[in-house]
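What follows is a single structure, written as structure tokens, with notes after it.
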Amino acid sequence: MRVLMLSPAFPWPLNGGGKIRIFYTLRELARAGHEVTLLVIAHELCEPGDLEALKPYCVDLSVITAKNRSRPQAALRALLLLKPYGVAKFESPKFRQAVVQALQKDHDILWVHFMETLAHVPQIHLWEGRPLVVLDQHNADERFWETYAREGSPWVRLFAKFNLWQLRRFQASVLNQVDVVLSVSKEDADFTQARLTNPATQVWIVPNGVDTERLRLLGTTERRNRIIFCGTMDVFMNIDAVNWFARRMFPRVCEAVPDAEFWIVGRNPNSKVKALASLPGVRVIGQVEDVRPYYAEAKVAVAPFRYGGGTKLKVLEAMALGVPVVATPVGCQGIEAVPGKHLFKEESEEAFTERVVNLLQDDSLRLQMAIEARQLVEDRYSWHSIMHNTIKHLEIMIRDRAG
């Protein structure tokens, strides 16, 4: 197959969930013998080594630089132009022109990452002989913003409601040209299916995964009474998660385990996250080259999310590396794990705290859960197996269209 892939971020280095999913989609398509032309909007400078990391998987790679709008700038632009926040933040006339030019060549599939990237795609459903359009939505954006509309601060709720209105209008105008929507969880898939206006559009569940070749159960490093959270630390749902755990639950953990530590690992910690370092036992590490050594010394990984949709890649990463996870229902959404076997799923502060303490104090429980979690990841969540099945289904669709 000849695939034109559109990405709103340069998928290297692998320091964010979106980048990780895009990279492994690209890699598995190339490994399956398909020709991929990658067209990227770059809002950050690309190093020469970044380009070299992707070239083995592309027959052509084009990077269009675009203005890196801050969140306040994007919010103001959305209000002034009456556009969804994601479109207002990432849209680029230069990228739109590059997409139009690239579509002049023959492609079997147009693979679009993230809903807002569809703003750059012309109404190709009207074209004769058009490519199959695949939207990898990563998250169901509407679900994401609905949580903020219900539970954010007054200003956040107000903006979220405005954005939901704009997002629904935008979706209605672009989803009719999509043939296949890829959702990372059943919840996202059901939500999307209920809102489609084109009965021909298919919705497939394609979960997030991990690189099981690289992320393996760690060795015999002595683990401390350390709790770890990994993630990009300028994202609202991550900021809320670590603040909630550090301020409300971690002090109770320390009452039972006095030498417990909470380490926050991830790039771009904002002022609210940095302030947590003043709390006893809390360390804010920031960006690291490799998270594996940090997991190697931790006994527990936490995913105390109250907001957001999709599947949390860091939960799968911890499971692959043999660190048991305590998560909220939002934190483990989209992962077919059995609570109490593969991870702990708790919603209340009291129960969440109790499970963290259990894992810190009970080595046999911790080790057994680590083994079960790793087996689940190998069976269901390796990028190779996930993308292999998706690619096979697309190959069949292309053959059927060709007659």
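Summed over segment 346-358, residues that are more than 12 Å from residue 327 (Cβ to Cβ) and not polar (S, T, N, Q) total 4. Based on this model, can you work out whether residue 391 counts as over 25 Å from residue 233 (Cα atoms) and open to solvent by less than 40 Å² (accessible area, probe 1.4 Å)? Yes: the conditions hold for residue 391.
Looking across segment 270-290, the residues that are closer than 25 Å to residue 211 by Cβ and either buried (at least 20 other Cβ atoms within 10 Å of the Cβ) or among the β-branched types (Val, Ile, Thr) (or both) come down to 285, 288.
Out of the residues in segment 4-62 that are of a type in the set (Phe, Trp, Tyr), over 21 Å from residue 86 (Cβ atoms) and in a helix (DSSP H, G or I), state the one that is farthest from the chain's Cα centre (by Cα). Here the answer is 57.
Answer yes if at least one residue in segment 165-172 is crowded, with 21+ Cβ neighbours inside 10 Å and outside any helix (DSSP H, G or I), and no otherwise. No, because not a single residue in segment 165-172 is crowded, with 21+ Cβ neighbours inside 10 Å and outside any helix (DSSP H, G or I). Going by the structure shown, is residue 46 open to solvent by 10 Å² or more (accessible area, probe 1.4 Å) and in contact with a Phe, Trp or Tyr (Cβ under 6 Å, 6 or more places away or on another chain)? Taking the combined requirement at face value, the residue satisfies it. Whenever a residue of segment 188-200 is closer than 23 Å to residue 331 by Cα and open to solvent by less than 80 Å² (accessible area, probe 1.4 Å), its partners that are modelled with pLDDT of 90 or more and aliphatic (A, V, I, L, M), lying with C-beta atoms within less than 6 angstrom and at least six residues away or across chains, give the pairs 189/203; 189/205; 192/181; 192/203.
Going through (1) open to solvent by less than 40 Å² (accessible area, probe 1.4 Å); (2) more than 18 Å from residue 198 (Cα to Cα) one by one, residue 83 falls short only on (1). Restricting the search to segment 291-304, which residues are open to solvent by 40 Å² or more (accessible area, probe 1.4 Å) and either part of a loop (DSSP other than H, G, I, E, B) or among the hydrophobic types (A, V, I, L, M, F, W, C) (or both)? Within segment 291-304, just 297 meets the criteria.
Counted as qualifying within segment 306-403 are the helices (runs of 4 or more DSSP H) with 2 or more residues that are over 20 Å from the mean Cα position of the chain (by Cα) and among the β-branched types (Val, Ile, Thr), namely 349-361, 383-402. Of the residues 142, 91, 146, the single one that is without any contact (Cβ under 8 Å) to a residue 40 or more places away in the chain, of a type outside the set (Gly, Ala, Ser), in contact with a helix residue (DSSP H, G or I) (Cβ under 9 Å, 6 or more places away or on another chain) and open to solvent by less than 20 Å² (accessible area, probe 1.4 Å) is 91.
Restricting attention to segment 222-266, the residues that are open to solvent by 20 Å² or more (accessible area, probe 1.4 Å) and more than 23 Å from residue 145 (Cα to Cα) add up to 15. Residue 238 fulfils the conditions (1) at pLDDT below 90; (2) within 17 Å of the chain's Cα centre (by Cα); (3) not acidic (Asp, Glu) except for a single criterion, (1). Suppose the filter is touching a residue at least 60 places away in the same chain (Cβ under 8 Å), open to solvent by less than 50 Å² (accessible area, probe 1.4 Å) and within 14 Å of residue 131 (Cα to Cα); does residue 103 pass it? Taking the combined requirement at face value, the residue satisfies it. In segment 37-56, the residues that are more than 15 Å from residue 25 (Cβ to Cβ) form Cβ pairs under 7 Å with partners that are hydroxyl-bearing (Ser, Thr, Tyr) and open to solvent by 50 Å² or more (accessible area, probe 1.4 Å), at six or more places apart or across chains, as follows: 42/65.
If you check 281, 266 for being of a type outside the set (A, V, I, L, M) and under 24 Å from residue 21 (Cα atoms), only one passes: 266.
The values are calculated or read from the model by the stated rules, or taken from the named source; none is laboratory data. In this text, all values refer to a predicted model and were calculated from it rather than measured experimentally. Backbone-built Cβ (ideal geometry, glycine too); neighbour counts: all protein chains shown. Only protein heavy atoms, including side chains, enter the accessible area calculation; ligands, DNA and RNA are left aside. Shrake-Rupley method; radii C 1.70, N 1.55, O 1.52, S 1.80 Å.
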